[in-house]
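Nothing in this text is a laboratory measurement; each read-out follows from the coordinates by a stated rule. Because the structure is predicted, anything quoted here is derived from the model rather than measured. We place every Cβ from the backbone using ideal geometry, glycine too, and count neighbours over all the protein chains shown.
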Amino acid sequence: MGKVTVSKPGLADVWPLAPMQKGMLFHALYDAEATDIYRGQVVLDLDGRLDTDALRSAGDALLRRHPTLRAGFRTLKSGETVQIIPQRSDLPWQEVDLRAVPAGHRDDALGEAVREEWTRRFDLAAPPLLRLTAIRVSDTRTRVVLTVHHILCDGWSTSIIANELIELYRNGGDERALPPVTPYRSYLAWLARRDGAAAAEAWRHALDGAQPTLVAPETGNRAPVDPDEVRVELPAPLVTELAGLARRHGVTTSTVMRGAWAVLLGALTGRDDVVFGGTTAGRPPEIPGIDTTVGLFINTLPVRARWSPTDTVAQLLTRLQDAQAALLPHEHLSLSEVQNIAGTRTLFDTLTVFQNYPVDLLDLTATTARSVSGDLDLASVGGRDAAHYPLTFTAMAERFRLTYRPDLFTRADAELLARRLVKVLGQLAADPGARVGGLDVLVDGERDRLLHGVNTGAPGAAPTTVPAAFARTVRQYAHETAVISAAGSLTYGELDARANRFARYLHSRGVAPGDRVAVTLPRSAELIVVLLGIAKAGAVFVPVDTSYPAERMRFLLEDSAPALVVSGTEVDNALRDFSAEPLPVDVAPESGLYVMYTSGSTGTPKGVVATHGGVAALALDSCWDDIGTGRVLFHAPHAFDASTFELWVPLLNGGCVVVAPEADIDGHTLARLIDTYALTAVHVTAGLFRVLAQETPACFADLRHVLTGGDVVPADAAASVLDACPGVTVRHLYGPTETTLCATTFAIAPGSKVPSVLPIGRPRDGVRVYVLDACLRPVPVGVAGELYVAGRGVAREYLGRPSLTAERFVASPYGGGRMYRTGDLVRWDHEGHLVFLGRADDQVKIRGFRIEPAEIEGVLAQVPGVDQAAVVVREDQPGDKRLVAYVVGNAVQVREFVAERLPDYMVPSAVVVLDALPLTANGKVDRAALPAPDYAVSDRTPRTPQEQILCRLFTEVLGLEQVGIDDGFFDLGGDSLLATRLASRIKGALGAEISVRVLFEAPTVAGLAGRLDEFEAVRPVLVPAERPDPMPLSFGQQRMWFLHSLEGPSPTN
């Protein structure tokens, strides 16, 4: 600290700011109208007759004795903020007399008076930042409230102030009764001599590789609020055991408390490397008298705790203390400096404080009895302070308090965290040799609820097979319509007879039970006959989508090794030449029904073998309500697992399957199909649901049920559909192919409130779900864990992949056979619903299809000239997910090469050529550093009004600044979902109802504009009209005028 010359009259000194003061100043000035969090308060209840003049004199003496308490804060012309210390300051003093308040209301009035003192802001530029208030409660009881801004002093100093206030009162405000004080300026001078470079290097080493540890909900730009707190008294035996633990292993009680907090954070985040804030006492022992100096010495700095599951409690605590001891000489840097070194703005959002003030100071957290003078006794002492952190753990040896922001956590949340913390402390004390990975944070009853309660679906129907369930349906609904298509309809009796004939045809071709039969038919009634016939023959169907590239189809046929490939003519032969009597075949619930291929992380697709029992259980599940007896649209590709719902749920319940024509589904097409066929239920992928909800939500209006899933479904999309279709129930389905379409469901009934985040719901009948940590232990409610699915619906295996099967289908430690490891991260909410959070690996979902980027990267590696490749999903606009490939090398026609080998949903929408792939410090591809694609556009501008409108619509849908009339929609990142959105907007803007297929045929503005005359006009063409005078207000303008008249001016522009 340099020499400061003080020449202004009345000014005693000018000081720089300590590190912690800089942070508090920022929070105090961030919003001058909001709550200033950083202040402290001491409340003294005095019994007897208080001399208020003497108390006021004692307060004045405090200000004279401690220059720190007279400090104000000013910003110089240079931009530097300093502490201004005046020669003297008058103590802000007030007396409040409540004796006239009726006794029954006096406690409320007293509480309000204290709260008023607490909430009144300080002006940091107007010292002193300390107030003293005496509140007369009765003739013999006074409450003294000392309020101080935290920027002046820490908790230790507050205890010194309260202690000295009483001593000065005893001695009539005579400062000579107290020993001399070491000035705070001495500490600031000591700070200025520290080695900043050495400290920076120490922190850089300590935080190398550390990731932020954040447990609170996103705060956004919320204004700070006063926290609430939960106080916990530790049982006396536990206090003794914790002290013994610290003593035996040579660590401090503070380290034990921090170790417990680290374990709790690890459980809350699923990590074994966590960072949280820790306050340092900050009083250098080399400064004489520092223990009785008043000022802000504490500092908040990161505490990093790391362990492996096999480490013992003792090892964790020892390592934690050693790490903190190594940083002790470097605790003078500010938090912002340390976080800059770590390369992040926010390393943590929880704070730990250990209070170990000198024993002769007042205990500000407990009730005490102490004589002040004469007949005046100190009946009790209380105190409070606050910090801006969402959670603050303040500990002493025998108690702790958990302070929380009530806008982020409920009191029940905080109480549950406190109970978890007590449990962790008990385990630390009970067995220092216990493995950290074995410590449990679940409270009483929670484990049973998570393993045998909310995680378990209803028992469901008895295990059966698809042929048996269908036979029962035929007996009941033989003359009812089972299938409707453009070619006609089939009753259940007719469908049964045709399927029997096809089963006998398969038998004649040598197809035996368990053999695989590949099916390449288009969507049709014949396809349903074939699939049912294969099931009746005991064989396993392998759906093959003929829109796949030839190389992809070749792989599927080679890998599945079918005994027969059904392509079309076989159906006519079977219906003509074979009996309609059932083929006697032994089929069990565990027998395979189909093999459906999904993207593989090893670079090749993997075939999931689903069972008869899994599909029958899905179809007969109680979650479907009356869906199974209604009319369900079959429009998904039969190689996509959504078709499992669309076919088997109605067919095994007496409903009707309506076969959609070979056309892409948009809102207008869907509305026509619903109206034409009186549909009652439709399933759409999450991506299509979002587009339809935004563009044409009323297209679902005449349905009873809308089902969606396969990816994240935005809550606002569900709300939009429910607003437009008040009679519809929306069902959110979750489940990978390995769980037979879905494992959990969440239904939003008409009139119900849509949650802010749509849960994936509860398990289906016969299904058990587990949310587990890395050690396969259940995680607490609200904590992220990996989802495992057990019970009915879990697939049998990956075809011909025993090692992969063993890796993903694992033995359940909780009984009941195997469970499937989904790789999805979820959490339980307090209502017992699962909430999807993301993936534990790189797998992604595009347009409802599961994609392993590694499979696409494997194909890219085969492109001539490509040296390296990476594939990521970018969502540069909300809801618009696009695959982007990044390649290093001299490659051309990359997308064309990939399109010849992979389905269209796996072809990257853009290819970005880089000189090198960015890498992390660990040598892995830094996917976050990959640039957004820069789509090159042509310079041919619109020539007609129609082209101008189409160019505008292209840019809106694609999220680009401009588009030339020769640029291909799909070359600029478009896909089928965006094409659906574009078609809807073209109808709204130009009145032409075009199909999505047309956009594939004419993907440029120029090409599309040339074909507009081909399409039906769905509304009259706009023509000039006479302009009225005056102009009427639109509905939106009327609304704004009403709000302006009601509420006055608003920030809306």
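If I model a spin label at F555 and D723 as a point 7 Å from the Cα along the Cα→Cβ vector, what separation in nanometres do I get?
In this crude spin-label approximation the distance works out to 4.4 nm.
Excluding V275 itself, calculate the net charge of residues whose Cβ lies under 11 Å from the Cβ of V275, where each Lys or Arg counts +1 and each Asp or Glu counts -1.
+1
Local charge sum around A891 (other residues, Cβ-Cβ under 15 Å, Lys/Arg +1, Asp/Glu -1)?
Result for the local shell: -3.
Averaged over all directions, how much area does the convex hull of the C-alpha atoms of region 466-828 cover when projected, in nm²?
17.8
Order by neighbour count: C656, C951, C153, fewest other Cβ atoms within 10 Å first, most last.
Going from least to most buried by this count: C951, C656, C153.
Kindly express, to the nearest 10 degrees and within the range 0 to 90, the angle between helix 236-248's C-alpha long axis and the longest C-alpha principal axis of the chain.
In the chain, helix 236-248 runs at an angle near 90 degrees to the longest axis.
So which of K606/K987; K606/K881; K536/K606 end up more than 29 Å apart by C-alpha?
Pairs exceeding 29 Å: K606/K987.
How far is the Cα center of region 890-960 from the Cα center of region 19-71, in Å?
60
Just to be sure I understand: of the beta bridges DSSP finds with both ends in region 50-148, what percent are antiparallel, rounded to 5?
Working: 12 of 17 bridges.
Here the share of antiparallel DSSP bridges comes out near 70 percent.
Per 0.36 nm of contour for each residue apart, how much would the distance between T35 and D226 grow if the chain were fully extended, relative to their Cα-Cα spacing?
Roughly 68.0 nm would be gained on extension.
Which percent, nearest 5, of DSSP beta bridges in region 466-828 are antiparallel? Before the final figure, lay out the partial values.
Working: 34 of 59 bridges.
The antiparallel proportion sits near 60 percent.
Based only on other Cβ atoms within 10 Å, what is the fewest-to-most ordering of R121, R248, R801?
Starting with the residue having the fewest Cβ neighbours, the order is R248, R121, R801.
Which length gain, in nm to one decimal place, applies between D971 and R345 when the Cα-Cα distance is subtracted from 0.36 nm times their residue separation?
221.5 nm
Could you check the spin-label model distance between A197 and E961? Points 7 Å from the Cα along Cα→Cβ, value in nm.
Between A197 and E961, the simple spin-label model gives 4.4 nm.
Find how much the distance from A478 to D926 grows on full extension, using 0.36 nm per residue of separation minus their present alpha carbon separation; answer in nm with one decimal.
Full extension from A478 to D926 adds 155.3 nm.
Just to verify a number: FRET efficiency for A461 and E900, C-beta to C-beta distance, R0 = 60 Å, to 0.05?
Efficiency, from the Cβ-Cβ distance: 0.85.
Ranked by Cβ crowding within 10 angstrom, fewest neighbours first, how are F849, F400 ordered?
Least crowded to most crowded, the residues run F849, F400.
For region 308-325 and region 592-669, what is the separation of their Cα centres, given in Å?
If we compute the Cα centre of each part, the gap is 52 Å.
With an 8 Å cut-off on Cα pairs and a minimum separation of 6 or more residues, tell me the relative contact order of the chain in percent.
After rounding, I find 8 percent.
Calculate the FRET efficiency for D867 and E286 from the Cβ-Cβ distance with a Förster distance of 60 Å, rounded to the nearest 0.05.
On the way: r = 59 Å, r/R0 = 0.99.
Given R0 = 60 Å and the Cβ-Cβ separation, E is 0.50.
For the charge dipole of the chain, defined by +1 on Lys and Arg C-beta atoms and -1 on Asp and Glu C-beta atoms about the Cα centroid, which residue among L564, A325, P86 has the Cα displaced farthest towards the positive pole?
So the residue furthest toward the plus end is A325.
In whole angstrom, note down how far apart the Cα centers of region 776-840 and region 387-451 are.
A separation of 26 Å, based on Cα centres.
First select every other residue whose beta carbon is under 14 angstrom from the beta carbon of D322; then total the charges, Lys and Arg +1, Asp and Glu -1. Walk me through the intermediate numbers first.
Details: positive: R258, R304, R306, R319; negative: D311.
Taking every Cβ under 14 Å from that of D322, the sum is +3.
When DSSP assigns beta bridges and you keep just the ones with both residues in the chain, what percent turn out antiparallel, to the nearest 5?
That works out to approximately 70 percent antiparallel.
Once you put a point 7 Å from the Cα of D377 and another 7 Å from the Cα of D577, both along the Cβ direction, what distance in nm separates them?
Those two pseudo-labels are separated by 10.9 nm.
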